[in-house]
Each structure stands twice: as C-alpha cells, then as structure tokens.
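So the structure is just underneath, and the comments pick up after that.
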Amino acid sequence: MKYEMNCERISESLIPYLDGRASAAEQREVEAHASVCAACKTRIEEFRRLSVVLEEVPRMEPSGAFDARVRQAIAAEPRAGWFGWLVPAPRFAFALVCLLLLSVWTSRIEPNVSEATAGATQSEQDFRLIKDLDVLENYDVVKNFDALSELPVAQQTQTRTDSNQNEDQNGHI
Amino acid sequence: MARSDVQLMLEAKAGNDASFEHLLQRYRTPLVNFLYRMVRDSATAEDLAQEVFLRVYRARHGYEASAKFTTWLFRIATNLALNRIRDTRYRLMEVSLDATSTEDDAPAMELPARELRVDQILIAEDRTVIIRRAVDALPEKQRIAVLLHKYEDMDYCEIAKVLECSEAALKSLLFRAYETLRVQLAPLVGLAASPVPAIPAEAGKRRLS
C-alpha cells in the first residue's frame, strides 16, 4: 500500500533520511514532498544545521585518576578459587548444595523416625497387655482357655463375670 | 586487526583481565561522556562509569555472545544514571519542601527567546551552555535517544533495545526530540525569517512498546 508523503508522515522518515539510512523509496518520497512543501524543505535544512550545532558541545575526557580507580576496584573483586568452576552455573551450584543439605538432613532424621515407630509399637503392646490383664489373671478363664479362645474379648469378659456370679451363688448355697 | 567487543568479553569471561582492560580503554571516554551528559557532574559521571565497568566485570561469567556488548553497557549506564537523577530530584524536592522560598514558581530552565538574535545570546551566555540546557530540558527518553544517536552514533536497533521500544517508535521519538531542539535553538539554527511551525507532537507520536 502506497502512502502519500505529507508534513505529518515525514516524521517517520526524516531522521533515517538525514542519517543516510532511509530506503530508496523513503528517500524519493521525502525529496518529492520537500520539493512542493517550503516548510518541510526549511525544516530539513534546519535539522541539518541542528546536527552541526549539537556537535559544538565539547566531549569531556575522563580524569587521569579514573582508570586507576576502576583498576583498583576490579583488583579488589574476589577471584575465582577452587570452586570457580561452579560460578558459571550458579543455579546448578545452588541446586547441588540444596540436594546435599537435604540428603544430610534426611539421613539424620531417619533413625529418629524408626525409634519413634519402635516406641509406638512397644506402647501398643503394653496397652494390650494391661487391657487383658484381668482376663489373663483369672484362673477359670485360663483353665478353660481352649473353650473360650474362639470368643471375642468382650464376650470373654462377660463370661468371666457370669462365672464369678455362679461361684458366688454356689458359695451361698 | 582489533579484536571485537564480543571476543574481548569472552576472553575476560575465561579469566583474561587484560582483555577487560582493552574494553575499559575502548569505552571509558564514550561512557563517561554519556553519563556526564545525563547527570551534568563530572565526578558523578566518573563514579557511575566505574560502577558500570564493575557490574560488567562481575557479570562476565554469565555473558552470552548473543547480546551486543555496547547495548548491554549503555543499558546499565542508562539505568544507573536515571536512578541517580531520580534520587537527586527526590532529595531536591525534600529540600524545596523544607524551604520557604517561592522558587518553584520560576521556570526550571531559561531558554533563549526565539526573538533573540545570535549575537545577543552570545553576549548573554555561552552557546554550549544554551545547547546543553536545551538537551537537558528534553523528556527523559527523548534525551537518552538523542545522546545515544547524536553523540554515541549507535544504530536504531541498539538504541531501541536500550530504551526498550520498537525501531519505528524510536524514529518518531528522535524526530520529536530534534523538532523540539530545532524550535528551542532557533536562534542558532533558524533559516527562515518567519519560523517554521513545529509539527504537533501527537503527529509523530507512536506508542512506545
């Protein structure tokens, strides 16, 4: 699509035109517009003058101490040591350190876990023993253990109570 | 044959400090000049330039040859300079808030009136001071664009990367900057008996991406 050059559109092409970096088409368009627009023709010439005027501002040279200060600052920077090879890959180095720490932590924590599990198992066994203590201490139950072995614990307890009552009744008789 | 920036930087990355010294010698003057034009104080410009070189040195291990060295260098310099300008502006604001004078009402910069003739201006002030003031008065992005385009001769692609905008947006930005300078410095550059009106800023304005 071909656009006709005008005073507004020149804003996109004028700088490349003055720098000598405009395309051949852009260059032709700017020149064609400048040939019919006195204001833009003057503008182009004033831009050229402006470029020369801006060069009047002198360049400053860094002081003699500048280089020495930069060299000193760079010399004070830490050098790469034995682990310098890790520096180009800081993410890898960080991940490696994390992995090492994690493995150390895991190896330290594992025995504690097994001790805790063992402790819990022991407590559970103790609790069962205490729960069944009155049954185990009952002579009649132990004596008739074969017959009662099939019964659930609750029924065993009930049976023990009944047999005690029977004993009491027999005693009274 | 001179070694390229990329080559020198890759050698510095491999631990060759002499290559970094070459880069320092190559860019010390452009960098200090650019920073001086940004902050308008030679001691501050040198401090900032030292900080730029230090940052480049510290980052040498992570340098990738894909990025153009000068783009990287001037991007660091631009960020440091802008931060310094904003800090200074903030401090000045704090001072002016404490002060009781009414200097805030005065214009930030005295630019020559268009009617003044060049000889009158020469009597009043040095030409270079007038030019510097006109450039300093440009909006931040326009000023950086002009400094990199006019004084560092960087190409559009590089400047656009430093300013994080498209090339087309940069061309419009440069046009608006030079158009402002053309009007402000008319006594120095003007040809026409009656001044050529400026193209409205909106006309050449592209959205900066």
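Summary table
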{"read-out": "3J(HN,Hα) from dihedral phi, the range A:47-58, Karplus parametrisation 6.51/-1.76/1.60, rounded to Hz, x for glycine, proline", "value": "4, 5, 5, 4, 4, 6, 4, 5, 6, 5, 6, x"}
{"read-out": "Distance between modelled label sites at B:Asn16 and B:Asp87, nm, 7 Å Cα→Cβ extension", "value": "3.5"}
{"read-out": "Spacing of the two label points (7 Å from each Cα toward its C-beta) at A:Thr106 and B:Arg40, in nm", "value": "6.2"}
{"read-out": "Per-residue Cβ neighbour rank within 10 angstrom, fewest leading, B:Tyr151, A:Tyr17", "value": "B:Tyr151, A:Tyr17"}
{"read-out": "Gained length - A:Val52 relative to A:Ala76, 0.36 nm times residue gap less alpha-carbon distance", "value": "4.3 nm"}
{"read-out": "Estimated distance in nm for a label pair at A:Glu45 and B:Arg127, the labels positioned 7 Å out from Cα along Cα-to-Cβ", "value": "1.8"}
{"read-out": "Of B:Lys13/B:Lys161; A:Lys41/B:Lys150; B:Lys150/B:Lys171, those spanning more than 20 Å from alpha-carbon to alpha-carbon", "value": "B:Lys13/B:Lys161; A:Lys41/B:Lys150"}
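No value in this document is a laboratory result; all are computed from the given coordinates. Not measured: the values here are computed from a predicted model. Glycine also receives a Cβ, built like all others from the backbone with ideal geometry; neighbour counts cover every protein chain displayed.
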